[in-house]
Amino acid sequence: KVKKDKMTILVLGLNNSGKSTIVNHFKKSSEQVAIMVPTVGFLVEQFYTNNVSINAIDMSGATRYRNLWEHQFKNCQGIMYVIDSSDRMRFVVVKDELELVLQHPDVSNRTVPILFYGNKSDLEDSLSNVKIAAALGLEKIKEKPWHICSSNAISGEGLDEGVQWLVQQIR
Ligand code: GTP
């Protein structure tokens, strides 16, 4: 494989799952934002990690903006799919949205690695990776490399392990 030093990843997930907080963690401390406001549309952020420069397209997870996700599918080499592991009420919605992503021709016809963050693992009622994978039917994803990692985007726990995996898949 060709070694790439630049890659574009799409950051997807429902609103409030922690996408912007995750991207913020990877940016240099000088560029970090202390207060997160809901993303409108999408934001393109850049950061450097594991010897690659990453263009992260942070898509809003709000219902009215989710139709914007598909326009970015063909531009990305990897996907970060962020899940609020404590938001059990919306697991069905997460599953439906994930299926739409996986079925889209710009995703299904390509080998795009998908990293799942089971985020907010610090919250008491958060589900384990095994339970999240079962609830979302991740074992049915056969044609793409995928990986699930627990994360706490506020402390940063688990974030590096995840992005390391993603970078390795793309390299
Ligand atoms: P949209 O931009 O609306 O799509 O949301 P988002 O997915 O970018 O979520 P955002 O990063 O704005 O985080 C939503 C809220 O969850 C914020 O109040 C964060 O501080 C909080 N949050 C994010 N990650 C964690 C986490 O790992 N644990 C806890 N306890 N809270 C978190």
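The values are calculated or read from the model by the stated rules, or taken from the named source; none is laboratory data. No experiment lies behind these values; they were computed from the predicted model shown. Virtual Cβ from ideal backbone geometry, glycine too; neighbours counted across all protein chains shown.
Could you check how many residues of segment 116-136 are touching a Phe, Trp or Tyr at 6+ places or on another chain (Cβ under 6 Å) and surrounded by 18 or more Cβ atoms within 10 Å (Cβ to Cβ)?
Looking only at segment 116-136, we keep the residues that are touching a Phe, Trp or Tyr at 6+ places or on another chain (Cβ under 6 Å), and these are 116, 135.
Those still in the list that are surrounded by 18 or more Cβ atoms within 10 Å (Cβ to Cβ) too: 116.
Total satisfying the criteria: 1.
Considering only segment 115-136, I want to know if a residue exists there that is hydroxyl-bearing (Ser, Thr, Tyr), in contact (Cβ under 8 Å) with a residue 60 or more places away in the chain and either closer than 17 Å to Asn16 by Cα or more than 12 Å from the ligand (Cβ to nearest atom) (or both). Steps first, answer last, please.
So in segment 115-136, the residues hydroxyl-bearing (Ser, Thr, Tyr) come out as 117, 121, 126, 128.
Pick out the ones that are also in contact (Cβ under 8 Å) with a residue 60 or more places away in the chain and you get 117.
Checking the rest, the ones that are also either closer than 17 Å to Asn16 by Cα or more than 12 Å from the ligand (Cβ to nearest atom) (or both) come to 117.
Yes, some residue in segment 115-136 is hydroxyl-bearing (Ser, Thr, Tyr), in contact (Cβ under 8 Å) with a residue 60 or more places away in the chain and either closer than 17 Å to Asn16 by Cα or more than 12 Å from the ligand (Cβ to nearest atom) (or both).
Can we say Leu123 is among the aliphatic types (A, V, I, L, M), touching a Leu at 6+ places or on another chain (Cβ under 8 Å) and at negative phi?
No; evaluated as a whole, the condition is false for this residue.
With respect to Val37, determine if the residue is of a type in the set (A, V, I, L, M), surrounded by fewer than 18 Cβ atoms within 10 Å (Cβ to Cβ) and either away from the ligand (no atom under 11 Å from the Cβ) or more than 22 Å from Asn109 (Cβ to Cβ) (or both).
Values: of a type in the set (A, V, I, L, M): yes; surrounded by fewer than 18 Cβ atoms within 10 Å (Cβ to Cβ): yes; either away from the ligand (no atom under 11 Å from the Cβ) or more than 22 Å from Asn109 (Cβ to Cβ) (or both): yes.
The answer is yes for Val37.
Quick check on segment 33-50: of everything there that is β-branched (Val, Ile, Thr) and touching a strand residue (DSSP E or B) at 6+ places or on another chain (Cβ under 8 Å), which residue is modelled with the highest pLDDT?
Taking segment 33-50 as the starting set, the residues that turn out to be β-branched (Val, Ile, Thr) are 33, 35, 37, 39-40, 44, 49.
Next, from what is left, pick out any that are touching a strand residue (DSSP E or B) at 6+ places or on another chain (Cβ under 8 Å): 39, 44.
Values: Thr39: 85, Val44: 91.
Taking the candidates together, the pick is Val44.
Which ones in segment 137-155 are of a type in the set (Gly, Ala, Ser) and either surrounded by 14 or more Cβ atoms within 10 Å (Cβ to Cβ) or away from the ligand (no atom under 16 Å from the Cβ) (or both)?
Keep residues of segment 137-155 that are of a type in the set (Gly, Ala, Ser), which gives 137, 150-151, 153, 155.
Across segment 137-155, the qualifying residues are Gly137, Ser150, Ser151, Ala153.
Is it true that Ser60 is modelled with pLDDT of 90 or more, of a type in the set (Gly, Ala, Ser), within 10 Å of the ligand (Cβ to nearest atom) and farther than 22 Å from Glu157 by Cα? Step through it out loud before you land on a result.
Details: modelled with pLDDT of 90 or more: yes; of a type in the set (Gly, Ala, Ser): yes; within 10 Å of the ligand (Cβ to nearest atom): yes; farther than 22 Å from Glu157 by Cα: yes.
Yes.
If you take the residues in segment 16-30 that are assigned to a helix (DSSP H, G or I) and exposed (fewer than 11 other Cβ atoms within 10 Å of the Cβ), which one is nearest to the ligand (Cβ to nearest atom)?
So, considering only residues that are assigned to a helix (DSSP H, G or I) and exposed (fewer than 11 other Cβ atoms within 10 Å of the Cβ), the one nearest to the ligand (Cβ to nearest atom) is Ser29.
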